[in-house]
Amino acid sequence: IIAGGKRLHNASSAYRSAAECASGSGDLHYASLLYRYSAMSFEKDGESALHSECLFLSKECERRYLYLCLFDPKRLKSVLMSGETDARKDGGFRLLMRWIKTVLWCLIWGHGERPRRTVGLSLLLIVLMAVAYMGGSLSGPRGTFAPDFLTSLYFSIMTFTTVGYGDLVPVGFNRIWASMESLGGVLLVPLLLVGLTRKYLRA
C-alpha cells in the first residue's frame, strides 16, 4: 500500500494506467473520469506535478469526447460503455458551448495547468498589437505621429497591462485596437495569476 511514503501511489498509478488504456481504445469519457481519480489520489500524496498532469489529461479527454459527440457520433456510439452518460443528451447548443469552452481553456491556459500558454499568448498579443499600431497614429506631447515599432511596443505594453501613463494616446482606428488589447489584458492577466497559483503554490 505504501510506496516511498506515498500511501495511494499504487492506486494513483493504477488509475492512470487504466486511463491510458481507455484513452487508447477511444473510450474518452471513461478515461477522463479515471484521470480525475488519479489526480485526486496524487494530490492526497502530495504529488503536485503528477496531480497537475492528470488533471490536464482529464480535461483533454473531455474535450476530445465532446468533439466526438458533436462531429463523429457513430464512432462515439461504438466506444460508449453500457450505462455511461452520453453528453449528447445536453442538447446540441449546450454541447457546442461546452466544447468551445474546453477548446479555449486549453489554448489560453491549458485548463489551468499550463500557465506558460497564457504567458505566450500574452506576449503574442502584445507584439501583434504593436504591429497593428504602426499602421495608424498615436498622439503625444509633440502632436500626432506615425509610431515606429519600439514606440508601438511600448504603447502596447502599457495598454495590455492597463497602466495607461497618458503620454501616448491612440488616434483614429488605433482606438479600436487599444480597446481590444486592454480587454485582452484584463482577461489574461488574472488567468495567468490563477494558473501560476494552481501550478506552483498548490499545497
When the range 14-58 is examined, which residues are found to be among the small types (Gly, Ala, Ser), outside any helix (DSSP H, G or I) and open to solvent by 10 Å² or more (accessible area, probe 1.4 Å)?
Ser25, Gly46
Test set (1) without any contact (Cβ under 8 Å) to a residue 60 or more places away in the chain; (2) open to solvent by 40 Å² or more (accessible area, probe 1.4 Å); (3) among the β-branched types (Val, Ile, Thr) - Val194 fails condition number:
(1)
Looking only at the range 169-188, decide whether some residue is assigned to a helix (DSSP H, G or I), under 27 Å from Ala39 (Cβ atoms) and in contact (Cβ under 8 Å) with a residue 24 or more places away in the chain.
yes
Given the conditions (1) of a type outside the set (Ser, Thr, Tyr); (2) open to solvent by less than 60 Å² (accessible area, probe 1.4 Å); (3) modelled with pLDDT under 90; (4) within 30 Å of Pro190 (Cα to Cα), report the number of the one that Leu80 does not fulfil.
(4)
Of (1) out of contact with any helix residue (DSSP H, G or I) (no Cβ under 7 Å at 6 or more places or on another chain); (2) under 30 Å from Glu47 (Cα atoms); (3) among the small types (Gly, Ala, Ser), Gly195 fails just (1)
Look through Gly164, Gly172 and report the one residue that is open to solvent by 20 Å² or more (accessible area, probe 1.4 Å) and in contact with a helix residue (DSSP H, G or I) (Cβ under 8 Å, 6 or more places away or on another chain).
Gly164
Any residue that is touching a strand residue (DSSP E or B) at 6+ places or on another chain (Cβ under 8 Å), at pLDDT below 95 and open to solvent by less than 60 Å² (accessible area, probe 1.4 Å) - is there at least one of those in the range 127-135?
no
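Please indicate, with yes or no, whether at least one residue in the range 39-51 is under 24 Å from Pro73 (Cα atoms), modelled with pLDDT of 90 or more and not polar (S, T, N, Q).
No, every residue in the range 39-51 fails to be under 24 Å from Pro73 (Cα atoms), modelled with pLDDT of 90 or more and not polar (S, T, N, Q).
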Residue in the range 1-13 that is modelled with the highest pLDDT, counting only those that are open to solvent by 60 Å² or more (accessible area, probe 1.4 Å) and part of a helix (DSSP H, G or I):
Asn10
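Within the range 136-150, track down each residue that is over 11 Å from Pro170 (Cα atoms), open to solvent by 40 Å² or more (accessible area, probe 1.4 Å) and not acidic (Asp, Glu). I'd like the intermediate steps shown before the answer.
Just the residues of the range 136-150 that are over 11 Å from Pro170 (Cα atoms), to begin with: 141-143, 148-150.
Then keep just the ones that are open to solvent by 40 Å² or more (accessible area, probe 1.4 Å); that gives 141-142, 148-150.
Once the filter is applied, which keeps residues that are over 11 Å from Pro170 (Cα atoms), open to solvent by 40 Å² or more (accessible area, probe 1.4 Å) and not acidic (Asp, Glu), the range 136-150 yields Pro141, Arg142, Phe149, Leu150.
Can you confirm whether the range 127-141 contains a residue that is aromatic (Phe, Trp, Tyr) and under 18 Å from the mean Cα position of the chain (by Cα)?
As a first pass, look at the range 127-141 and keep what is aromatic (Phe, Trp, Tyr): 133.
From what is left, the residues that are under 18 Å from the mean Cα position of the chain (by Cα) are none.
Looking through the range 127-141, none of the residues is aromatic (Phe, Trp, Tyr) and under 18 Å from the mean Cα position of the chain (by Cα).
The values are calculated or read from the model by the stated rules, or taken from the named source; none is laboratory data. Since this is a predicted model, take the numbers as computed values, not measurements. Note: ideal-geometry Cβ built from the backbone for every residue, glycine included; neighbour counts use all protein chains shown. For the accessible areas, the whole protein counts, side chains as well, though only heavy atoms, and no ligand, DNA or RNA atoms are used. Shrake-Rupley method; radii C 1.70, N 1.55, O 1.52, S 1.80 Å.
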